[in-house]
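Quick notes on the structure that follows.
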Amino acid sequence: MRLAEGIVIDLEETFGVLKFSGQRRERFVQDEDGNRTDDVKERTYDLKSMKQGMMIQVSIPSEAGVKDFKYNQIVTLVDPVIDTVANANFNRVETSWYMKAKDLVIATAPVKPQEKPNNNDKK
């Protein structure tokens, strides 16, 4: 089974705060003979997930550019999707999960709600 749109996730509920750790690898385009070219197809980054309590990896298309954020910089993902790849080997199947996003950007500070005046104060 293949999910056409992948599994769309709620970032805050699933991962909580994400902190940039570094670039893990680059994946290159292959030519018609299967040889690697110098053109980067996508880059994979390591992010610390505060809610999961572990490192997660996300792949971003090369069009988004190189992400060279500070270590532990709070970041957010643009349109993240989780998907699977299954490989059949004789009488068993191995499934791998992966996450992709359109971009990885520095998180903006959350807007704090305005404090409501306490009308119960007695003077």
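The numbers here are math on the coordinates, done by the rules we state, and not lab data. Model, not experiment: these values are computed from the prediction. A quick note on method: Cβ atoms are made from the backbone with ideal geometry, for glycine too, and the neighbour counts reach across all protein chains shown.
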Between region 38-97 and region 5-30, the Cα center-to-center distance that results, in Å: 4
Loop-located GluC sites (Glu not before Pro) in region 1-84 whose Cβ has at most 13 other Cβ within 10 Å (DSSP): 5, 32
Of 21, 62, 80, farthest towards positive along the dipole that unit charges on Lys, Arg, Asp, Glu beta carbons give region 1-80: 21
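Restricting attention to region 73-104, which chymotrypsin sites (Phe, Trp or Tyr not before Pro) occupy a DSSP loop and are surrounded by at most 15 other Cβ atoms within 10 Å?
The qualifying sites are 90.
What is the gain in length, in nm to one decimal, between residue 79 and residue 29 on full extension, counting 0.36 nm per residue of separation less the C-alpha to C-alpha distance?
15.7 nm
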From phi via Karplus (6.51, -1.76, 1.60), per-residue ³J(HN,Hα) for region 46-58 in Hz, x at Gly/Pro: 9, 10, 8, 9, 5, 6, 7, x, 7, 7, 10, 10, 9
Table column - 3J(HN,Hα) (Hz), region 63-72, Karplus curve with 6.51, -1.76, 1.60, x for Gly and Pro: 4, 6, x, 6, 9, 10, 7, 5, 4, 6
For residue 17, residues with placed amide H under 5 Å, excluding near neighbours: 50, 51
Stretchable slack from residue 62 to residue 12, in nm (0.36 nm times residue separation minus alpha-carbon distance): 15.5 nm
Lysine pairs in region 1-96 with Cα atoms under 18 Å, if 8 or more residues apart or on separate chains: 7
